[in-house]
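These notes are about the structure you will find just below.
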Amino acid sequence: MSDEKLTPRNVDFSEWYNTLVLKAELADYAPVRGCMVVRPYGWALWENIQQALDRRFKETGHVNAAFPLLIPMSFLEKEKAHVEGFSPELAVVTIGGGEKLEEPLVVRPTSETVIGHMYAKWIKSYRDLPVLINQWGNVVRWELRTKLFLRTLEFYWQEGHTAHASEQEAREETLRMLDVYADFAINEGAVPVVKGVKSESEKFAGAVQSLSIEAMMGDTRALQSGTSHFLGQNFAKAFEIQYLDQNNTLQHCWTTSWGLSTRFIGAIIMTHGDDQGLILPPRLAPIQIVLVPIYKNDAERNAVMPVVERIKSELSAFRVKVDDRSEVTPGFKFNDWEMRGVPLRIEIGPKDVEKGSVALARRDKPGRDPLTGASGKSFVPQTGLAAAVADLLADIQKSLLARATAFREGHIFDPKDYAELTEVVKNGWAYSYWCEFAECEAKVKEDTKATTRCMPIDQEESKGKCIVCGKDAKRKVYFARAY
Ligand SMILES: [Zn+2]
C-alpha cells in the first residue's frame, strides 16, 4: 500500500491496469515468468464468482467432480485439430520420481481428452445419458505474452463437459450454458456482453462450433469472457464414447464443453474501474461495505466505537469490514477503500452519534460534483439503515451495468465502407456484414489488428455486402481489437 497515484486510464490504460492489480492486492507476479499468485482479496472475488456460477450450474442439472492434472501425451494426439491447436502451448512432464517416463505426460491445458476417456468407460446405455459434469480447477498453457488475470501460464477456471444422446440436445446444452454465462456476467458482474458464434479461425481446437460472450473494456478493446463449445462427435469418435440406444444399436455420443476463468476478474477491473481504482459490483465484491469510525481523541473514540459495532451487527446480512486502524487517518482510509473498489462506505463520527445518523458514500459516484452540486454522499438515520443500504447496493449494481452498457453502445459503429472500418476499430467495435471467408478476416487483422469477435446469435438472417470484399453476406460480425 502506498500513496502513489495510479497512472490515469487515458494516459496508459495498460499501465493503469497492471499497477492497479498489484496495488489493490488482487494478484502478484510469481517467481516463474508468466505465472500469477492470486492474493486473498483477488481470491475472495473469485470465490464469489465461483459461488454465483456454481449455483447456476446446479440449477441446470450439473454436478461437480475432479479429474487429474496429468494427461498421457497420446490422449491429446487422438483428436487431430485439438493437438494441433494446443501443442505450441503444452507443458510436458518427462521425468517422474527421478526416472525418465515411458510416455510423456501433459499438464492439462484443458480436459476434453481425459474426461472423454473416462466417459467412454462410464457410458454404456442411453439410460446413462446425459452426463452433465463440471470441474473447478487450474490449467497450464505456455503463453508467451502474459498479463495478470488476462493471460497467464497457469490460470483457474471451471470446465463443464457433457455427453448427450442427440445432436439437438448437445446443441441446446451449448446454448443453455452460453445463456448461463451471459446471465452471470450481466446480473452478477454488471458486465454487459454480446452472445455469438466464433469464426472458424477463432473457434476452439476440436470444436464444431464455438460460442462466446464478449465484453467491451474501458479502452474499447474486447474481452472474450466465457466460451461454450459444441464438439459434435469429434471427441466421442476419438475416445469411443458410445452408447446403446433404445433399439440396441451402438451410437456415438454428442459432447460439449464450456469454460469461464479468472480472466473474468480482468473483465470486472477493466469494465468498471476508474482513475481512483477498482469499482466492484456489489453482488461480487468481497467487501460490500466499509465502516470508517471518525474521532480525534479517546473521548470521541469511546462514543463512536460502540455505535460502529452495533451498526456492524445490524448489517450482518452484508459483507462488512470495520476499518479501525489507528495508524492512518480517515482520509487515507477513504482513498484506500476507494482504490480497492468497495461499493459503499459508511462514516460514523461524534456528530453522527449525537444525531443518530451516518454518512454514506457510494464508490461509483464522486463525493461532490463541482458543477451540479450533486453528491454520491448522503446522510441517513441509523434507524432502518439495513434497508437503506440494501437499496443503495442494488442501485449501485444497476448503475454500473447501465453505465457500462451506455459506454459500449457509444463505441459500437456501423462503418459505411472498409476505410471507415479501419478508423472506427481504433476506438471501438465495428458491427459489419462479413462474407465469413477467412481471407477477409485475415485482411482486417493485418490492416488494423482487429479480429472477428462473434456473430450475434439473436440476429435475423439478412442480405448485405461484406465490408471487406463486397461479396454477398448474410450475417454481421463484431470486429474489434481484443485482449
Ligand atoms: Zn469478404
**Request:** Report yes if some residue within the stretch 395-405 is within 16 Å of the ligand (Cβ to nearest atom) and either crowded, with 16+ Cβ neighbours inside 10 Å or not charged (D, E, K, R) (or both); otherwise report no.
**Result:** no
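Would you check if there is a residue in the stretch 406-417 being more than 15 Å from the ligand (Cβ to nearest atom), surrounded by 14 or more Cβ atoms within 10 Å (Cβ to Cβ) and farther than 21 Å from E214 by Cβ? Quick ask: steps written out before the conclusion?
Filtering the stretch 406-417 for residues more than 15 Å from the ligand (Cβ to nearest atom) gives 406-414, 416.
From the residues that got through so far, the ones that are surrounded by 14 or more Cβ atoms within 10 Å (Cβ to Cβ) too are 407-408, 411-413.
Those still in the list that are farther than 21 Å from E214 by Cβ too: none.
No, because not a single residue in the stretch 406-417 is more than 15 Å from the ligand (Cβ to nearest atom), surrounded by 14 or more Cβ atoms within 10 Å (Cβ to Cβ) and farther than 21 Å from E214 by Cβ.
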**Asked** Can you tell me which residues in the stretch 88-125 are within 28 Å of the chain's Cα centre (by Cα) and not in a strand (DSSP E or B)?
**Response** P88, E89, L90, R108, P109, T110, S111, E112, T113, V114, I115, G116
**Message:** So, in the stretch 398-429, how many residues would count as being part of a helix (DSSP H, G or I), under 24 Å from A185 (Cβ atoms) and aromatic (F, W, Y)?
**Reply:** 1
**Fill in**
Of the candidates A207, A238, the one satisfying the condition of being within 19 Å of T113 (Cα to Cα) and over 27 Å from the mean Cα position of the chain (by Cα) is A238
**Prompt:** V83 passes all but one of (1) open to solvent by 40 Å² or more (accessible area, probe 1.4 Å); (2) part of a helix (DSSP H, G or I); (3) within 23 Å of S210 (Cβ to Cβ); which number fails?
**Reply:** (1)
**Answer residue from the stretch 443-458, given it is farther than 14 Å from R221 by Cα and touching a residue at least 40 places away in the same chain (Cβ under 8 Å) and is most open to solvent (accessible area, probe 1.4 Å) among those** = D458
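Which members of the stretch 459-483 meet the condition of being under 22 Å from the mean Cα position of the chain (by Cα), of a type outside the set (D, E, K, R) and open to solvent by 20 Å² or more (accessible area, probe 1.4 Å)?
Y478, A482, Y483
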**Message:** So for the stretch 159-181 (the condition being surrounded by fewer than 22 Cβ atoms within 10 Å (Cβ to Cβ), closer than 28 Å to N48 by Cα, of a type in the set (D, E) and within 13 Å of the chain's Cα centre (by Cα)), does at least one residue qualify?
**Reply:** no
**Request:** Show the residue pairs that are 6+ apart or on different chains and have beta-carbon atoms under 7 Å apart, the first residue being within the stretch 75-89 and within 13 Å of R108 (Cα to Cα), the second being at pLDDT below 90.
**Result:** L76/H82
**Request:** Name every residue in the stretch 1-44 that is buried (at least 16 other Cβ atoms within 10 Å of the Cβ) and at positive phi, in order of residue number.
**Result:** G34
**Fill in**
With the first residue restricted to the stretch 459-483 and required to be touching a residue at least 60 places away in the same chain (Cβ under 8 Å) and within 12 Å of the ligand (Cβ to nearest atom), and the second required to be in a strand (DSSP E or B) and open to solvent by less than 60 Å² (accessible area, probe 1.4 Å), Cβ contacts under 6 Å at 6 or more apart or on different chains are V477/W434; V477/T452; V477/M455
**Asked** Condition test on D391, is it open to solvent by 20 Å² or more (accessible area, probe 1.4 Å) and within 15 Å of the ligand (Cβ to nearest atom)?
**Response** no
**Prompt:** Name the residues in the stretch 197-250 that are in a helix (DSSP H, G or I) and open to solvent by 10 Å² or more (accessible area, probe 1.4 Å), would you?
**Reply:** E200, S201, E202, N234, K237, A238, F239
**Prompt:** If you go through the stretch 430-483 one residue at a time, how many are of a type outside the set (S, T, Y) and not in a loop (DSSP other than H, G, I, E, B)?
**Reply:** 24
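Table: residues versus (1) among the polar types (S, T, N, Q); (2) modelled with pLDDT of 95 or more.
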| position | (1), (2) |
| --- | --- |
| I348 | no, yes |
| G367 | no, no |
| L371 | no, no |
| S378 | yes, no |
| V389 | no, yes |
**Asked** Looking at the stretch 421-441, which of its residues are open to solvent by 40 Å² or more (accessible area, probe 1.4 Å) and away from the ligand (no atom under 16 Å from the Cβ)?
**Response** E423, K426, N427
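The values are calculated or read from the model by the stated rules, or taken from the named source; none is laboratory data. Predicted model, so just to flag it, every value in this text is computed and none were measured. All Cβ positions, even for glycine, are placed from backbone atoms using ideal geometry, and neighbour counts span all protein chains on display. For the accessible areas, the whole protein counts, side chains as well, though only heavy atoms, and no ligand, DNA or RNA atoms are used. Shrake-Rupley method; radii C 1.70, N 1.55, O 1.52, S 1.80 Å.
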